[in-house]
Amino acid sequence: MLHAECYSQEERSLPFPGRWPRASKFLLSACAAAVAELVTFPLDLTKTRLQIQGEAAVRRYGAAARRAVPYRGMLRTAAGIVQEEGLLKLWQGASPAVYRHIVYSGVRMVTYEHIRDSVLGRAEDKSFPLWKSVVGGMAAGAIGQFFASPTDLVKVQMQMEGKRRLEGKPLRFHGVHHAFVKILSEGGIRGLWAGWVPNVQRAALVNMGDLTTYDSVKHFLLLNTPLQDNSVTHSIASACSGLVAAILGTPADVVKTRIMNQPRDKQGRGLLYKSSADCLIQAIQGEGFMSLYKGFLPTWMRMAPWSLVFWLTYEQIRRICGVSSF
């Protein structure tokens, strides 16, 4: 009994990260993700607009086709948003995006570290084999994205509100809370998870590129070069992770965006696409294979600084709070 009381007092005297390691890592990753999201959000909005542009399934509807605007590249799309809608519209949909990353990044980071350190385990030299990192990254991304899918759905639909205003269509939402309530009332709980399959597929691929690449490159540099566990190593690893994540994740991101943005019937079923596979086939047949990489440049230009800001912030916050390096 005395031993138990002493242990309990010792445990209570520990700082928060020591008493609640997973909760603290969740909070730290959520903070880092919120900073990175706000800094790079205009590129995400530009990417979403590009991915919807020239949609083959929409061209089958004459009225929609007549309202279609000429194709714009990344810079013209961003400039057009500023000129036609205003500078602050570059952050339209930022609130649900931040909410999404609080859930998504918090869950994926905690899940990956748990898989790496407790489930699969490191090698004797403290390295983490590539195949284990791939499994861990994909699993962590899929789990994190499943929980965050409703916030991602709201983010995508709110990002398209400015375009609807320019086309003379009535706005669907008056804010984040109204968007959640309306989607829930029209499609039920199932409606909040519309597009979750391609969403989870994309997250698995992106995290195979992001978490797997960052972890592998960072520990490779630490084990095989004179570099130390500092900002230089973190920057190199994050640059590699952003590029690989963009290459692997863009096709699934295009499919996810289109499925989430399509009109739906009263039962919550999509009117343009039956499934993610149907969307993929229609895109390739109607627009060509490279349509799957619409928005790749802003995706990469966003993922690169996002990864840099996130990993540098996350590693520094961990160090300041007394949590071991990722």
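No lab work stands behind these numbers, since they all come straight from the coordinates. Treat the numbers as computed from the prediction; the structure is a model and nothing was measured. Positions of Cβ are backbone-derived with ideal geometry, glycine not excepted, and every protein chain shown enters the neighbour counts.
Assorted remarks:
- Near residue 222: Cβ cut-off under 10 Å, other residues only, Lys/Arg at +1 and Asp/Glu at -1. The net charge is +1.
- Hydrodynamic radius of the range 92-194 per Kirkwood, over alpha carbon pairs, in Å: 15.6
- Of the peptides 208-219, 141-152, 314-325, the order by per-residue mean of other Cβ atoms within 10 Å, starting with the highest, comes out as 208-219, 141-152, 314-325.
- Using C-alpha pairs under 8 Å with a sequence gap of at least 6, the mean separation divided by the residue count of the range 92-194 gives a relative contact order of 33 percent.
- Taking the average, over residues, of other Cβ atoms within 10 Å as the packing measure, peptides 223-236, 175-188, 21-34, 248-261 rank 248-261, 21-34, 175-188, 223-236 from highest down.
- In terms of the mean number of neighbouring beta-carbon atoms within 10 Å, the peptides 274-283, 100-109 order highest first as 100-109, 274-283.
- If you take all other residues with their beta carbon under 15 Å from the beta carbon of residue 326, and give Lys and Arg +1 and Asp and Glu -1, the sum is +3.
- Here the contact order of the range 198-294, divided by its residue count and restricted to Cα pairs under 8 Å and six or more residues apart, works out to 30 percent.
- Label point distance in nm, residue 185-residue 23, each placed 7 Å from Cα along Cα→Cβ: 3.6
- Using a simple spin-label model with pseudo-atoms 7 Å out from Cα toward Cβ, residue 266 and residue 147 lie 3.6 nm apart.
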